[in-house]
Every structure is written in C-alpha cells, then in structure tokens.
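The next block holds one structure in the form of structure tokens; read it before the comments.
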Amino acid sequence: MGSISRTNDKNPGQKPLSGAVALVTGGSRGIGRAIAQRLAGLGASVAICGRDRAALAESAALLEKSGTQVFSQLADVTQASEVTNLVAKTEADLGAITILVNNAGIGLFGPAHEKTEADWDRVLDTNLKSVFLVSRAVVPSMIRRGAGDIINISSLAGKNAFANGGIYCASKWGVMGLSGCMAEDLREHGIRVSVICPGSVATEFSTRGPKDPSKALIAEDVAHAVESIVTQRPQSFLSEIHLRPLRKP
Ligand SMILES: NC(=O)c1ccc[n+]([C@@H]2O[C@H](COP(=O)([O-])OP(=O)(O)OC[C@H]3O[C@@H](n4cnc5c(N)ncnc54)[C@H](OP(=O)(O)O)[C@@H]3O)[C@@H](O)[C@H]2O)c1
C-alpha cells in the first residue's frame, strides 16, 4: 500500500505516494488513464498496459510529463502468459507493485439470449478473469511485504440488474464476489482489496452519450475515488465505493 501519511508526516515536502509503484491495467485511455495520471501526480511510479500501441504510447508520454517513472507494455490481460510477463517486467523496471488497479474492461449490451458464446467469453475474460489473473500474479510479493492495495473497477452494473445488461452485469457481479472474497483472504496480510462501482462515466466506452454532459461523471471522478482509497490511514479500509453523479444527467 502507499503507506502514505506515515512518511508524509515525517517529510512534509514529499508527495503522498512517493515510493509507491502502481500498475493500472487499461491505463491507455478513459478511466484507467485518469487513474494513472492521478497516482503519478501523487508521486507513485506507474505502469500501464493495453492492446492499442498508439493509445498506450500517448498515455505514457502524458504520464512522463508528471516527472515520475513510467513503464508501459502492450499486454492483453485475458492471457495468463502476457499477464505474468507484464508483472515481472513492471517489477524489474519499477520495483515491487504496491498498488494494483484492475481497470481494463469492455462493454457489451443487448439481450444475453441474442449473444454468442464468443461474446460471453470475451466479456467475462476481459472484465472478470483478468482480475483473477493479474491479482494472482501480484499478490505473492504483496503478501511477502505484508502490505498492498488492490482496487477493482466494477460498476453499478455489478449491483443492479437491467434489460440488455445480461453479459456485462454477469461480469461485474462476478467482480463484486471475487473482490469481497479476496478482501477477506488478504486483509490479515495487510492487503486492502477495494472495489469501485461507478455509474455511467463519459468515456469512449459509452456509445450513448449522457443527455446533459455537464452533469455526468467523468474519469477524474473515479481517479479521485482511487486517491481516497490509497490515502486512507493504513489501519482503515474503504472496501466499496458507489460513485454516482449528484444530479441525474
Ligand atoms: N465508462 C463507463 O460508463 C463505466 C462505468 C462503470 C464502470 N466502468 C468500468 O471502468 C473500466 C474502464 O472503462 P472506460 O470507460 O475507461 O473504458 P475505455 O475508455 O473503453 O477504456 C478501456 C481500457 O481497457 C483496456 N482494455 C480493454 N480490454 C483489454 C485487454 N484485453 N487487455 C488489456 N487492456 C484492455 C483498453 O485498452 P485497449 O483497447 O488498447 O486494450 C482501455 O485502455 C472498465 O472496467 C469498465 O467496465 C466504466
């Protein structure tokens, strides 16, 4: 975990996450990019991954402007071998990962009975299996160090059921169950597993824009929730955040 306020109290000039190493999956755009930028601004070294080379390079270049150490790698988080490689290279480049943000995800909407098996596999592998794969690769070194933050980006679709949500909701309800169980497995090791459930956020993910964009959540709102989690006192733990726009967009 960022062990944050303890060092900060002693070194007032130091950024709150100095010394922390964050891996943000899907940090190449949208919510993941905003989270990576927020963590870098707080002083963490940051690693990001994604499959689109150009978007990843653009995100890495923006992060480097914050003056922090940045590592970026093309990686598909649905593939165990790519995940193992990503984590090993991140730790070789930046040091042991202290903050993992499982953010990479895709949307797919419409009645489940009209979807294909390939649709099911793509959404479940990206949104749920990836959380298992990346966490499994990062947890052993967090256990050895007796500290760490794992933040899973779920959705209010992980708490609610709605028409056309079938496969996406299944993936995000799965993330809720996995996160809750991981939190119980890991809390005695000093590792906090938190989950953030945003409502609709204005990114490329949403095909339908909000009626009133000025009222909609933006990626930085999710980044702010991540900041709240990693800057808690080490003894306390924000286990689940529901993030909603104040006024309905
Ligand atoms: N936007 C919303 O309304 C909303 C609301 C609630 C929750 N969420 C959740 O927030 C997270 C981020 O969403 P977003 O709105 O920022 O979406 P986005 O703009 O589409 O970004 C998704 C990110 O995930 C990456 N990604 C997707 N599949 C991947 C894979 N197999 N391997 C590696 N990276 C992969 C993408 O990079 P590449 O495509 O280059 O791989 C991209 O960086 C998702 O988990 C989503 O379910 C979004």
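What ranking, highest mean first, results for peptides 147-159, 124-136 when packing means the other Cβ atoms within 10 Å averaged over each residue?
Highest mean packing first, the order is 147-159, 124-136.
Figure legend: label point modelled 7 angstrom from the Cα of residue 114 along Cα→Cβ; residues of segment 170-189 with amide N under 18 Å from it are 170. Computed about the Cα centre, the dipole magnitude for the chain is approximately 600 debye when only Lys and Arg (+1) and Asp and Glu (-1) carry charge, each at its Cβ. Each 10 Å bin from zero up to the one holding the largest Cα-Cα distance in segment 1-122 carries the following percent of pairs: 14, 40, 27, 13, 5, 1. Geometric descriptor of the chain, per residue, is 127 Å³ (volume of the convex hull of the Cα atoms).
Please report 203, 78 as a ranked list, fewest other C-beta atoms within 10 angstrom at the top and most at the bottom.
Values: 203 16, 78 20.
Ordered from fewest to most neighbouring Cβ atoms within 10 Å, 203, 78 come out as 203, 78.
Given a Förster radius of 35 Å and the C-beta distance between residue 121 and residue 215 as r, what FRET efficiency does 1/(1 + (r/R0)^6) yield to the nearest 0.05? So, using R0 = 35 Å, E works out to roughly 0.45. The residue 145 and residue 58 beta-carbon pair, evaluated with R₀ = 35 Å, returns a calculated FRET efficiency of approximately 0.60. Lysine pair count for the chain (Cα-Cα distance under 15 Å; residues 8 or more apart in sequence or on different chains): 4.
With neighbours defined as other Cβ atoms within 10 Å of a residue's Cβ, the residues 241, 229 order from fewest to most as 241, 229.
FYI, it's all coordinate maths here, none of it is from the lab. The shown structure was predicted, so the numbers you read here are calculated from the model rather than taken from an experiment. Neighbour counts are summed over all protein chains in view; Cβ atoms, including those assigned to glycine, are modelled from backbone coordinates with ideal geometry.
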